[in-house]
Amino acid sequence: MKTKYPLHKRSALRRGANGADAGAATVVALVDERFLAWLAAQVTGNERVTLQRAPLSAVMAHLARLAGAEAPLLRTVLYSDTAPTELFDDLVLRQVPRHATDGGLSLVRAMGQELVQLARHGAAWLLVASDDERLIPYIDEAQAHGARVVLVADDAVHDFARLAADDPSWARLLMQADRRVAMPVAAWNALTTPGTPYGGLRTSGTEAEEGEGAATFGPAVPREPAAEPDEAWRAQVARIIESWWAEASEDERLDLADAMRDQRGVPPETDRRILMQVRRELGRNLSFPEKRLMREMVRATVLGEAADTVPPASVEVD
């Protein structure tokens, strides 16, 4: 006799008690600590930034709400090469090797695989803080499983045309996301100043969402165009780049040349290192035209030397 009801039970992971899909209530943030600290240094102008972990979950929860997630943040997963000295609620630490060990490949694989795993288990919203375009195939797979991916950025995302010219690698990653959200100024203060509380979630709806830096990606706000760098600036930056290139080993030079032939722009790790050196020398942050020109000069230095090693075409003489 055929049974009226199926014998197997429905998975508790996929269905809630009220029959709703449990994944719809899942919001998880995945954060590359090294990237977020570097971005904080660019925004605040501080050369050395130690990211404060205590307010991180509150900041990510606020960003998720600004991006449109209705459910509360379940947890924040932090990828770091620094061992914890203190534990915080709703913050899970994933230790990865130092970037110098493998160029960040272990971090990309760990974050990417967790993105896909969360999506497969029904996570509806995934908030990602990273600028590594090697995450694109993982994000694409997570989206194929039904997850909505939101990338964390700074105010530069509001002028995407300029950002794409300035940092094409990061621009490609941002294009893959379903949504983008800019970090509010108050969040940067909380993440970079010890003991500073973050009250973003306690602010009333419209006031919080319309605060400075809090809006999600949208139409660019008109700004005064920055002045083009002068000859003195070019000479100073050229000296810094030449010094950096002279200190690079032969293997590093070959690896950089290969990487730059395969992609536009400058690899993120090299870009950050030179930006920090230039900013330290100038005593200020660089404008968009300055960053763009600096990267063109780096590429010219790396690829120009590689091109010089190619012998000229032979000329037949009768």
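Of the residues 229, 268, 219, the single one that is surrounded by fewer than 15 Cβ atoms within 10 Å (Cβ to Cβ) and at pLDDT below 80 is 219.
Which residues, counting only those in the stretch 278-303, are under 21 Å from the mean Cα position of the chain (by Cα) and among the hydroxyl-bearing types (Ser, Thr, Tyr)? Correct list: 287 only. If we scan the stretch 191-211, do we find a residue that is at pLDDT 85 or above and acidic (Asp, Glu)? The answer is no, given that none of the residues of the stretch 191-211 is at pLDDT 85 or above and acidic (Asp, Glu). Looking only at the stretch 91-114, which residues are assigned to a helix (DSSP H, G or I), of a type in the set (A, V, I, L, M, F, W, C) and closer than 25 Å to residue 150 by Cβ? Selection gives 105, 107, 108, 110, 111.
Scanning the stretch 135-150 turns up no residue that is of a type in the set (D, E, K, R), more than 11 Å from residue 178 (Cβ to Cβ), out of contact with any Lys or Arg (no Cβ under 7 Å at 6 or more places or on another chain) and touching a residue at least 40 places away in the same chain (Cβ under 8 Å). Please specify each residue of the stretch 158-202 satisfying the condition of being touching an Asp or Glu at 6+ places or on another chain (Cβ under 6 Å), buried (at least 17 other Cβ atoms within 10 Å of the Cβ) and either assigned to a helix (DSSP H, G or I) or of a type in the set (Ser, Thr, Tyr) (or both). Of everything in the stretch 158-202, those that are touching an Asp or Glu at 6+ places or on another chain (Cβ under 6 Å), buried (at least 17 other Cβ atoms within 10 Å of the Cβ) and either assigned to a helix (DSSP H, G or I) or of a type in the set (Ser, Thr, Tyr) (or both) turn out to be 169, 170, 173. Among the residues of the stretch 44-61, those that are within 17 Å of residue 155 (Cα to Cα) and surrounded by 20 or more Cβ atoms within 10 Å (Cβ to Cβ) comprise 59, 60.
Looking across the stretch 64-114 at every residue that is among the polar types (S, T, N, Q) and farther than 24 Å from residue 183 by Cα, the one that is surrounded by the fewest Cβ atoms within 10 Å (Cβ to Cβ) is identified as 85. For the stretch 117-140, give me each residue that is within 20 Å of residue 71 (Cα to Cα) and either surrounded by 21 or more Cβ atoms within 10 Å (Cβ to Cβ) or under 11 Å from the mean Cα position of the chain (by Cα) (or both). If the condition is that a residue be within 20 Å of residue 71 (Cα to Cα) and either surrounded by 21 or more Cβ atoms within 10 Å (Cβ to Cβ) or under 11 Å from the mean Cα position of the chain (by Cα) (or both), then 118, 119, 123, 125, 126, 127, 128, 129 are the ones that fit. Filter the stretch 252-294 for residues that are over 22 Å from residue 234 (Cβ atoms) and not polar (S, T, N, Q) and give the result. Listed by number, the residues that qualify are 252, 253, 254, 255, 257, 258, 259, 261, 262, 267, 268, 269. Restricting the stretch 77-91 to residues that are β-branched (Val, Ile, Thr) and in contact with a strand residue (DSSP E or B) (Cβ under 9 Å, 6 or more places away or on another chain), the residue that is farthest from residue 61 (Cα to Cα) is 82. Residues that are among the basic types (Lys, Arg) and within 20 Å of residue 60 (Cα to Cα) within the stretch 92-145 comprise just one, 94.
The values are calculated or read from the model by the stated rules, or taken from the named source; none is laboratory data. Just so it is clear, the model here is predicted, and its values are computed rather than measured. FYI the Cβ positions are ideal-geometry reconstructions off the backbone, even for glycines, and counts take in every protein chain you see.
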